Each structure stands twice: as C-alpha cells, then as structure tokens.
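Take a look at the structure below.
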Amino acid sequence: MPFGEQPAYLRVAGDLRQKIVEGDLPPHTRLPSQAKIRAAYGVSDTVALEARKVLMAEGLVEGRSGSGTYVREHPVPRRVSRTGYRALGESSPFRQEQSDEDVKGTWESRSEQEEASPLVAERLRIEAGDRVMRTRYVFRVEGEPSMISTSWEPLAVTGRTPVVLPEDGPLGGKGVVERMAAIDVVVDNVVEEVGARPGLAEEMIDLGGVPGHSVLVVTRTFFAGGRPVETADVVVPADRFRVSYHLPVK
C-alpha cells in the first residue's frame, strides 16, 4: 500500500462521517445497511462492516436492537468548570467539582469503608490494604447526570473524627477543604490530571450513556503539607461535557 493511502474501510468510514457532520445523514436517520454500503462504494462485506464499526466506536452511530444502526444526536457540550478547590464557607461536593456559580445541581452519595487497593494506596502514600473511606457521588445538572466522583480518604487521617463520613455529621455535605480544616488539617495544594478512556458499563448506567463511549477522567488529589488527604476520580461523559480550567496568573 503506497505511503499515506488509507485502507478501504477508513475511506468509506470517512465519507460516511462527512455525510453525518454535514447533515446529509441527520440525527436519528438510519445508516445505510451493510449491503447498501457495499454496493455504493464497491467494497466487500468485510470492508462495509469495518466501516460501520469505526463510526460506532467514534460514537457517531448507535445500534438499536431489532431495528438497525442510526445516527446519534450530539448535544451541544456543557462546561464543567474547575478552579482547584473552594474557599472555606463556600464549599459543597457539587461546587467542589463544578465551580461555575451559574450552574445549579444536586448530588447523591454512598460511603463505605474498604481496604485501599494498590493504586489508591500509591496515590494516598499509604500501604495497600490500609483502611480508607470510599465515597461515590452521582451529580446532576437540571436532573441530567453530569458526572461521577469516587473519592478515597485515609482513615488514619479522618478515622475517629466528626468528619469521617463526608455526608454525615456536623460538616456533612461540605467540601474536603472545610472538612479537613475542622480537624486541624490544612489543605494547601491540589493536583489534577485529565485523561480519557472508554466508559465502564456501571459508569454509563449512572451517566445515561453507552458503555465504551469516551469519558474524561479527572484524577484529583488534595494535599496538606505534602501529605495526601483525599484522592478522587471524577468521570465526565466526553460527548456531553467539556472540562474548563480557570487558573490564576502569578
């Protein structure tokens, strides 16, 4: 194959993708069948099938049981705004993850103790198997699921304190910074890394998406004097949201 020449299935997928983007195949339109693709482009069944798989993997089309494959509707992405963390007296789990004051939302959560996995232990700089409090949040904006956050806090820090349960006690429903301050732990730094991966089935059930479609993952860790006191994975559907950072200039 000459340098730069695409395989046939990518050329077919590219032409169909252009038709979708330009509106020749609008949302909810049935994608041409495998037989029609084969006839229209003069390709084999294998090429036609692989081209359809590419469009499905890109999230441009979706299969409907017993009906066929249809062009997906792509909403205008909303913004998830992040600034690091909230000042004392202004924090809440929702506001911690979405700092845009114009965006209103709700959350539900569940906390339980567990042993730290090797990955969580590495992020918290503790031993694998040490006890941590795991809390899983589902956030909604205008009733629509917008993100999932799973956090871990070392019980060596919060155990036997009034803030051991993030959503219960005198500071239940507050953010990490305010809760830690209540036990004389001063959060002075936060590190975030953003990556992407296919969404897991259990995540997409809560987020209202299709397993395998891309999600953005914000891996966040709060530090107090260099010691990690909370780490979390914030999962956002990539086709419906964008992560926006507001960083001060020093």
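Only one residue in GLU202, GLU193 is surrounded by fewer than 16 Cβ atoms within 10 Å (Cβ to Cβ) and in a strand (DSSP E or B), so which one is that?
Among GLU202, GLU193, only GLU193 is surrounded by fewer than 16 Cβ atoms within 10 Å (Cβ to Cβ) and in a strand (DSSP E or B).
Of the numbered conditions (1) without any contact (Cβ under 8 Å) to a residue 12 or more places away in the chain; (2) open to solvent by less than 70 Å² (accessible area, probe 1.4 Å); (3) within 19 Å of VAL120 (Cα to Cα), LEU171 satisfies every one except a single condition; which is it?
(3)
So, VAL71, is that one within 25 Å of VAL210 (Cβ to Cβ), in contact with a His (Cβ under 9 Å, 6 or more places away or on another chain) and either among the aliphatic types (A, V, I, L, M) or surrounded by 18 or more Cβ atoms within 10 Å (Cβ to Cβ) (or both) or not?
Taking the combined requirement at face value, the residue satisfies it.
Need the failing condition index for THR221 against (1) of a type in the set (Val, Ile, Thr); (2) surrounded by fewer than 14 Cβ atoms within 10 Å (Cβ to Cβ); (3) farther than 30 Å from GLY59 by Cα, just the number.
Failed condition: (2).
Between a first residue in segment 125-150 that is free of Cβ contacts under 8 Å to residues at least 12 places away in the same chain and a second residue that is open to solvent by less than 10 Å² (accessible area, probe 1.4 Å), which pairs have beta carbons less than 8 Å apart while being 6 or more apart in sequence or on different chains?
Close Cβ pairs satisfying both conditions: GLU127/ALA116; GLU127/ALA121.
Among the residues of segment 4-26, write down those that are outside any helix (DSSP H, G or I), modelled with pLDDT under 90 and closer than 17 Å to ALA40 by Cβ.
Hits for segment 4-26: nothing passes.
Name the single residue that is farthest from the chain's Cα centre (by Cα) among those in segment 46-66 being open to solvent by 60 Å² or more (accessible area, probe 1.4 Å) and more than 12 Å from VAL12 (Cβ to Cβ).
Step by step, filter segment 46-66, then rank; the result is GLY66.
Taking into account only those residues within segment 110-132 that are surrounded by 14 or more Cβ atoms within 10 Å (Cβ to Cβ) and of a type in the set (A, V, I, L, M), which is farthest from ALA232 (Cα to Cα)?
ILE126
Conditions first: (1) over 21 Å from the mean Cα position of the chain (by Cα); (2) open to solvent by 40 Å² or more (accessible area, probe 1.4 Å). THR161 passes all but one, so which condition is the exception?
It fails just one condition, (2).
The values are calculated or read from the model by the stated rules, or taken from the named source; none is laboratory data. Every value quoted in this text rests on a predicted model; they were computed, and no experiment measured them. When we count neighbours, we look across all protein chains shown, and the Cβ atoms used for this are built from the backbone with ideal geometry, even at glycine. Ligands, DNA and RNA are stripped out before the accessible areas are found, and what is left, the full protein with its side chains, is counted by its heavy atoms. Shrake-Rupley method; radii C 1.70, N 1.55, O 1.52, S 1.80 Å.
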